[in-house]
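To keep things clear, I will list the structure first and then write my remarks on it.
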Amino acid sequence: MSHLDKVKSLYRSEKFKEAISFLEQSESECLLHPAVLVWKARCLQLADDISPYQLSDIEKLLKQALSVDSEYLPAIVDLAYFYLNVLDDSKQAAPLFREAINLHKEAFTEAVIGMAECLAEESSKEEALKFLANTETSALDANKLQEVKEELLGLP
Amino acid sequence: MIAGTAAAADGPVPIGDIAAIFMAGYGIYLVATAPAPLQLPTIFNEDKADDAGKPNEGNKNTPPPTPGPKADEPPADDQISGSLKRSPSYHSELGSKTKSELEKLAKQGGEVGKRAKQMLKLIKEGTRLRGKGNKK
């Protein structure tokens, strides 16, 4: 089990304090992959007691993850949500969400094109075209988007 | 440290400026003591930050009464973690309201509506983050 697998397992069990302790141990071993920092920031947000940490340490951790890899998508998205939902600051959040969408679009488009090319080689061009057509409509979680649409429509 | 990082002196910095090279699935990362290139805006200021280690007490004014909660619906305080209660968006006077009560208050607008909306955002963030643990 990798360090991150153990962190995720503790997180799933809602043992956030234990996860933070384990992450501190990882830090002492210099395992500073941006994912480690992101998971620690998540644990800090969900733990009931985060002493000696402060709320501002959450922002620091996410920025630190971005200093290691400025295109690390989970850190960008989590920092954006931290601004939006925890600090109620959509002005700070919006550029980060825009950046995440652009980065994701680029990576996702590449992956979709690669998959279509695989299908064309391994199966048929019809299969590849079908895959491309389906991807355009099913790339996002339709249920979640519908929830947001209904929420927006319910606003005064 | 990153330029612009908030509240740099407000507590222990858990992860120092340690020089370390390590392998990742998609490359090699270098964590150096040199200033990081990323410049993100600072968020905490005197108006917003309530970072003294205590939950944000918010406004103590009693919120207007709202229709009764749905059966078995937990109060906001049960859905917002201890750490998120330190957020300037947390308002203790609304902690006993359920999500549906907060939604109604939010629709009413005004100062209480704004606070209710902020509380709903904290609930939403907790739910979003908990969902991360369910993914493989």
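Using helices alone, what [θ] at 222 nm do you get for chain A, with -39,500 (n - 2.57) per DSSP H run of 4 or more residues, divided over all residues and rounded to the nearest 500?
On the way: 8 runs with 118 residues, N = 156.
My calculation for chain A gives -24500 deg cm²/dmol from helical runs alone.
So for each of A:121-132, B:81-92, B:122-133 I average, over its residues, the number of other beta carbons within 10 Å; can you give me the resulting order with the highest mean first? Walk me through the numbers before you get to the answer.
Values: A:121-132: 12.8, B:81-92: 22.9, B:122-133: 17.4.
Sorting A:121-132, B:81-92, B:122-133 by mean packing, highest first, produces B:81-92, B:122-133, A:121-132.
Through the Karplus equation 6.51 cos²θ - 1.76 cosθ + 1.60, θ set to phi - 60°, convert the phi angles of the stretch B:105-111 into ³J(HN,Hα) values in whole Hz; use x for Gly and Pro.
5, 4, 5, 6, x, x, 5
With charges set only on the Cβ (+1 for Lys and Arg, -1 for Asp and Glu), what does the dipole of the stretch A:29-81 come to about its Cα centre, in debye to the nearest 20?
On the way: 4 positive and 8 negative charges, 13 e Å.
Rounded to the nearest 20 debye, it is 60 debye.
To the nearest 10 degrees, how steep is helix A:3-12 against the longest Cα principal axis of chain A, on a 0 to 90 scale?
The angle comes out at about 90 degrees.
Can you put A:ARG98, B:ARG115 in order, fewest other beta carbons within 10 Å first? Before the final figure, lay out the partial values.
Numbers: A:ARG98 12, B:ARG115 23.
If I rank by nearby Cβ atoms, fewest first, I get A:ARG98, B:ARG115.
Given A:LYS60/B:LYS99; A:LYS63/B:LYS99; B:LYS85/B:LYS114; A:LYS63/A:LYS91; A:LYS17/B:LYS85; A:LYS60/B:LYS117, which pairs have Cα atoms separated by over 20 Å? Don't jump to the answer; show the numbers that get you there.
Numbers: A:LYS60/B:LYS99 30 Å; A:LYS63/B:LYS99 31 Å; B:LYS85/B:LYS114 17 Å; A:LYS63/A:LYS91 17 Å; A:LYS17/B:LYS85 17 Å; A:LYS60/B:LYS117 26 Å.
Too far apart for the 20 Å limit: A:LYS60/B:LYS99; A:LYS63/B:LYS99; A:LYS60/B:LYS117.
For peptide A:84-94, compute the average count of partner chain beta-carbon atoms within 10 Å of each residue's beta-carbon. Intermediate results must be reported in sequence, preceding the final value.
On the way: counts 3, 14, 13, 10, 10, 5, 1, 1, 4, 1, 0.
Counting Cβ atoms of other protein chains within 10 Å of each residue's Cβ and averaging gives 6.
Can you give the FRET efficiency for A:GLU71 and A:ALA139, using 1/(1 + (r/R0)^6), R0 = 25 Å, r = Cβ-Cβ distance, to the nearest 0.05?
Values: r = 20 Å, r/R0 = 0.80.
Approximately 0.80, to the nearest 0.05.
Would the stretch A:46-145 count as rounded, prolate or oblate if I go by the C-alpha gyration tensor, calling it rounded below 1.5 in a/c and otherwise prolate when a/b exceeds b/c, oblate otherwise? Present the calculation step by step, with values, prior to reporting the outcome.
On the way: a/c = 3.05, a/b = 2.57, b/c = 1.19.
Prolate, since a/c reaches 1.5 and a/b exceeds b/c.
To the nearest 20 debye, what is the magnitude of the charge dipole of the stretch A:41-151 about its Cα centre, counting +1 on the Cβ of each Lys and Arg and -1 on the Cβ of each Asp and Glu? Spell out each step's value before the answer.
Values: 10 positive and 22 negative charges, 53 e Å.
In debye, rounded to 20, the stretch A:41-151 gives about 260.
So, in nm, how far is label A:LYS149 from label A:ILE113 when the simple model puts each one 7 Å beyond its Cα toward the Cβ?
Result: 2.9 nm between the two label points.
Counting only other chains, what is the mean number of Cβ atoms within 10 angstrom of the Cβ of each residue in peptide B:75-84?
Working: counts 0, 0, 0, 0, 0, 1, 9, 7, 16, 10.
Mean number of neighbouring Cβ atoms from other chains: 4.
Per residue of A:32-45, how many C-beta atoms from partner chains lie within 10 Å of its own C-beta, taken as a mean? Before the final figure, lay out the partial values.
Values: counts 8, 6, 3, 2, 2, 2, 1, 2, 2, 1, 5, 3, 4, 10.
Rounded to a whole number, the mean comes out at 4.
Taking H as built 1.01 Å from N, whose amide H comes closer than 5 Å to the amide H of B:THR98, not counting residues under 5 places away?
Hits under the 5 Å cutoff: B:ALA76.
From the square roots a ≥ b ≥ c of the eigenvalues of the alpha-carbon gyration tensor of the stretch A:98-156, which class results: rounded (a/c under 1.5), prolate (a/b over b/c), or oblate? Let's see the in-between values first.
Details: a/c = 5.31, a/b = 2.05, b/c = 2.60.
In terms of gyration-tensor shape, oblate.
For the stretch A:39-55, in order, what is each residue's ³J(HN,Hα) by Karplus, 6.51 cos²θ - 1.76 cosθ + 1.60 with θ = phi - 60°, in whole Hz (x at glycine and Pro)?
5, 5, 4, 5, 4, 4, 6, 9, 6, 7, 10, 10, 4, x, 7, 10, 4
To the nearest 0.05, how large is the calculated FRET efficiency for B:GLU93 and A:GLU126 if R₀ is 51 Å and r is the Cβ-Cβ distance? Write out the running numbers ahead of the final one.
Values: r = 62 Å, r/R0 = 1.21.
Efficiency computed from Cβ-Cβ geometry: 0.25.
Taking the Cβ of each residue in B:ASP72, A:ASP78 as the centre, tally the other Cβ atoms inside 10 Å and list the residues starting with the fewest. Mind showing how you got there, number by number?
Working: B:ASP72 6, A:ASP78 27.
The order, fewest Cβ neighbours first, is B:ASP72, A:ASP78.
State whether the stretch A:1-88 is rounded, prolate or oblate according to the following rule on the C-alpha gyration tensor (a ≥ b ≥ c being the square roots of its eigenvalues): a/c under 1.5 gives rounded; otherwise a/b larger than b/c gives prolate, and the remaining case gives oblate.
oblate
Just so you know, all these numbers are worked out from the coordinates, no wet-lab data involved. Everything numeric here is computed off the predicted structure, so don't read it as measured data. Reconstructed Cβ throughout: ideal geometry from the backbone, glycine too, with neighbour counts over all protein chains shown.
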